[in-house]
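One structure is given here, and the rest of the page talks about it.
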Amino acid sequence: MHKLEGPELTAALAQLSAWTFDPQRHAIRRALRFADFNAAFGFMTRVALEAERRNHHPEWSNVYHRVDITLTTHDAGGLTERDVALARWIDAAASAAGAEPT
Ligand SMILES: C[C@H](O)[C@H](O)[C@H]1CNC2=NC(N)=NC(=O)C2=N1
């Protein structure tokens with residue numbers, strides 16, 4: 001799994017419009033807001049189980065109805081296809097859980 005750079009990175013980011021690239025961490029971030037804590041934590045539970053299936057885990061924090069997620073690949077020292085794929089999975093799960101557009 002290699003770190004995405006140059007045109008590969010640009011192409012990946014173009015598909016992830018809800019995410020912000022952090023050049024410092026070579027990571028992508030997304031802030032999510034749900035109806036309430038129950039919805040937020042239910043979403044986190046589903047993401048956690050999928051992360052375990054993929055052996056690829058988010059860095060995240062939760063305050064009541066908000067979930068902030070950072071994705072990067074520690075083993076590669078930056079963003080890889082694993083992050084892109086998990087971000088797309090997260091986008092679908094967030095929509096299904098009624099996440100509000102931020
Ligand atoms: C041994 C290594 O920690 C594992 O292969 C997995 C666990 N989950 C992981 N998650 C993330 N985000 N990056 C990794 O490099 C990673 N490695």
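The values are calculated or read from the model by the stated rules, or taken from the named source; none is laboratory data. This structure is a prediction, so every number in the text was calculated from the model and none was measured. Note that we place each Cβ from the backbone using ideal geometry, even for glycine, and neighbour counts take in every protein chain shown. Just so you know, the surface numbers come from the protein's heavy atoms only, side chains and all, with ligands and any DNA or RNA stripped out. Shrake-Rupley method; radii C 1.70, N 1.55, O 1.52, S 1.80 Å.
Each residue of segment 69-77 in turn: what ³J(HN,Hα) in whole Hz from Karplus with 6.51, -1.76, 1.60 and θ = phi - 60°, glycine and Pro shown as x?
10, 10, 10, 7, 9, 4, 5, 9, x
I'd like the carbon and sulfur percentage of the solvent accessible area for the chain, probe radius 1.4 Å, heavy atoms only, ligands and nucleic acids excluded.
Percent of accessible area from carbon and sulfur atoms in the chain: 53.
List the residues, sorted by chain then number, that are 5 or more residues from Gly78 or on another chain and whose placed amide H is less than 5 Å from its amide H.
Thr73
May I ask you to compute the full-extension gain from Asp36 to Arg66, defined as 0.36 nm times their residue separation minus their alpha-carbon distance, rounded to one decimal in nm?
Working it through step by step, the gained length comes to 10.0 nm.
Which whole-angstrom value gives the distance between the alpha carbon centres of segment 81-102 and segment 37-61?
11
Under a Cβ-only charge scheme (Lys and Arg +1, Asp and Glu -1), can you give me the dipole magnitude of the chain about the Cα centre, in debye to the nearest 20?
With Lys and Arg at +1 and Asp and Glu at -1, about 120 debye.
Run lengths n ≥ 4 of DSSP H only: what is the helix-derived mean residue ellipticity at 222 nm for the chain, with -39500 (n - 2.57) per run over all residues, to the nearest 500?
Calculated mean residue ellipticity at 222 nm is -13500 deg cm²/dmol.
Which whole-number value in Å² is the accessible area per residue of the chain, probe 1.4 Å?
56
Hey, quick one: spin label on Glu81, modelled 7 Å out along Cα-Cβ, who in segment 1-43 has an amide N within reach, i.e. under 18 Å?
Only 1-16 pass the distance filter.
I need the phi-derived Karplus couplings for segment 12-25: 6.51 cos²θ - 1.76 cosθ + 1.60, θ = phi - 60°, integer Hz, Gly and Pro marked x.
5, 5, 5, 8, 10, 5, 7, 10, 10, 7, 10, x, 4, 8
Shape of the chain from its Cα gyration tensor (a ≥ b ≥ c, root eigenvalues): rounded if a/c is under 1.5, otherwise prolate when a/b > b/c, or oblate?
prolate
In segment 1-72, what chymotrypsin sites (Phe, Trp or Tyr not before Pro) fall in a loop by DSSP, with at most 15 other Cβ atoms inside 10 Å?
When the chymotrypsin sites (Phe, Trp or Tyr not before Pro) of segment 1-72 are filtered for loop state and at most 15 Cβ neighbours within 10 Å, Tyr64 remain.
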